[in-house]
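Colleague: Mind looking over this structure? Questions follow.
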Amino acid sequence: MSARIEEPLADAASWADWFRSQIATLPLLRQTKRKIDEAAAHAAEINIHQLAEAVIGDPLLTLRTLVQLQERKKGETRELASITSALMMIGIQPFVRQIQALPTVESILVDSTVALKWLLSRVARARKAAHYAHDWAVLRRDINAEEVTVAALLYEINEILLWLFAPKLMLLLLSLRKRFPTHPIEVLQRKVFNTTDLELRDAVIARLNLPTILKELMNPNNEENPRTRTVLLATRLARHLSRKGWEHPKLESDIEAIEQLVHLNRELLLRRLGAPYEVWPRFGVPVPPTSESADNSMKGTATP
């Protein structure tokens, strides 16, 4: 079991310092470790793009890899937020050897199934946001879609780290949110952690020396930038779908904003998002002919 924080630290900088001290032994998901171990069994056949895809599916491993990249490129002025570039710089074999020595999230939280459940739910949400962000970046012909993907994946890294290292405080925050549902979340965050999510995100990016482009892409005050808007809308949609599925009351405004961002016909957009046919009328799109609806119901309409 890793070190745990039972009492709030002094401020955002103190939290960021503590997270930085844990980077070398930061765990990865069991599923990620299994994928990389299987790839290592056929070392001569490891494909760097497949390995990068496995890393980007794991927010904690993505964070650790970016920190390694920044440490290795000291003295260079060009910033990189690409996992593929990081793996090329670190080297596939050294990277795989490091991974094999790391613990898994599941082994660290073996004594706290509730915290593990919440952490994994946040990982799933981050993955979904990253999927959307990448898809929309490609539609927008973004010259570096991977930066946008990584920013969306790491947007909620604070919560993932806090569930990993300070589960009791996170449970306290949940309790306070239920008890005071009308209180601004920032007020409750400061009461529990002596900081807010936004302050902590900026502190983590600075202390871990992450590329400043990530700060720009995750900054709500920078929403006029289409790349930042891609990250924020992807995160927003993933959050809403994870809470109430396609019944969430704010989805209409989400879909309208995404439509304006990617300039895609609404029907095509709903198809791309995997929206079930029964909710289409809610967004002003008629349900397709019966034959197509029946065919779709047999195939399933799971959101990617």
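Bear in mind these aren't lab numbers, they're just calculated from the coordinates by the rules spelled out. In this text, all values refer to a predicted model and were calculated from it rather than measured experimentally. All Cβ positions, glycine included, derive from the backbone under ideal geometry; neighbour counts span all protein chains shown.
Colleague: Principal axes first, then extents: for the Cα atoms of the range 12-107, list largest minus smallest coordinate on each axis, whole Å, largest first.
Modeller: If we take the Cα atoms of the range 12-107, the spans are 41, 35, 19 Å.
Colleague: With springs connecting C-alpha atoms under 10 Å apart, model the chain as a Gaussian network and identify which of 218, 170, 88 has the largest mean-square fluctuation.
Modeller: 88
Colleague: Quick one: how many lysine pairs does the chain have with C-alpha atoms less than 23 Å apart and a gap of 8 or more or different chains? Give me the count, please.
Modeller: 20
Colleague: If you don't mind, there's one more thing I want to ask. For the range 179-254, rounded, prolate or oblate, judged on the Cα gyration tensor with a ≥ b ≥ c (square roots of eigenvalues), a/c < 1.5 rounded, else prolate if a/b > b/c?
Modeller: Oblate, since a/c reaches 1.5 and b/c is not below a/b.
Colleague: Compute the normalised compactness of the chain: alpha-carbon radius of gyration over 2.2 N^0.38 Å, N being the residue count.
Modeller: Computed over Cα atoms of the chain, the ratio equals 1.04.
Colleague: Determine the dipole magnitude for the chain: charges of +1 sit on the beta-carbon of Lys and Arg, -1 on that of Asp and Glu, nothing else is charged, the reference point is the Cα centre, and the result goes in debye to the nearest 20.
Modeller: Using Cβ point charges on Lys, Arg, Asp and Glu, the chain gives about 500 debye.
Colleague: For n ≥ 4 DSSP H runs only, could you compute -39500 (n - 2.57) per run for the chain, divide by its residues and tell me the 222 nm figure to the nearest 500?
Modeller: -20000 deg cm²/dmol, from helical runs alone.
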